[in-house]
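> Here it is, the structure in full.
Every number here is computed from the coordinates shown, using simple stated rules; none is lab data. The model shown is predicted, which means the values in this text are computed figures rather than measured ones. Don't worry about glycine lacking a Cβ; one is built from the backbone with ideal geometry, like all the others, and counts go over all protein chains shown.
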């Protein structure tokens, strides 16, 4: 369904597709997507080059390995991204992200993380192009700082 100028997905159109392994809607004109298949088999969601500002219901695909959101208009990552414990690849470069949730550093299986091209406020320029391992370590430190501040 890629490259079809799709502007919306009605209701829960993909919800019942329990055996779907790849949802490829890249290079369309979507602004939001909530119709995520309720599928433990879903391995990849490819949504690059849309106009996405919101994405929801990612908890429906607990075994997701790849989430590609690069070149969209996302200002925030959904909290449910932090619960995708099987995710290996997260591409969010060239969006409108001002912050990256430090809990991404806790995703042990995440080995590819691209965040460059975002107006990130609390991230040094060198960290924006760092490898996933270094970036995750930095985020874990940030998470530790937040925990300490909350306890004080």
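> What distance in nm lies between label points placed 7 Å from Cα along the C-beta direction at residue 108 and residue 76?
Here the modelled spin labels are 2.9 nm apart.
> If each residue of separation counts as 0.36 nm, what is the full-extension length gain between residue 51 and residue 143 once their alpha-carbon separation is subtracted?
Full extension from residue 51 to residue 143 adds 30.1 nm.
> What is the distance in Å between the Cα centroid of segment 1-52 and that of segment 62-79?
What the calculation gives is 12 Å, centre to centre.
> May I ask you to work out the translational diffusion coefficient for segment 65-152 at 10 °C, viscosity 1.306 mPa s, via Stokes-Einstein with Rh from the Kirkwood sum over Cα pairs, reported in whole µm²/s?
Taking Rh from Cα pairs, D becomes 121 µm²/s.
> Counting only helical runs of four or more DSSP H residues, what would the 222 nm mean residue ellipticity of the chain come to if each run contributes -39,500 (n - 2.57) and the total is spread over all its residues?
Value at 222 nm, helices only, nearest 500: -5000 deg cm²/dmol.
> Could you check the spin-label model distance between residue 44 and residue 98? Points 7 Å from the Cα along Cα→Cβ, value in nm.
Roughly 3.4 nm, to one decimal.
> Angle, helix 132-151 long axis vs. longest principal axis of the chain, Cα atoms, 0 to 90°, nearest 10?
So the inclination is approximately 70 degrees.
> To make sure I understand, if each residue's beta carbon is the centre and we count other beta carbons within 10 Å, what order do 115, 6 fall in, fewest to most?
6, 115
> FRET efficiency for residue 34 and residue 126, Cβ-Cβ distance as r, R0 = 41 Å, nearest 0.05?
Rounded to the nearest 0.05, the efficiency is 0.70.
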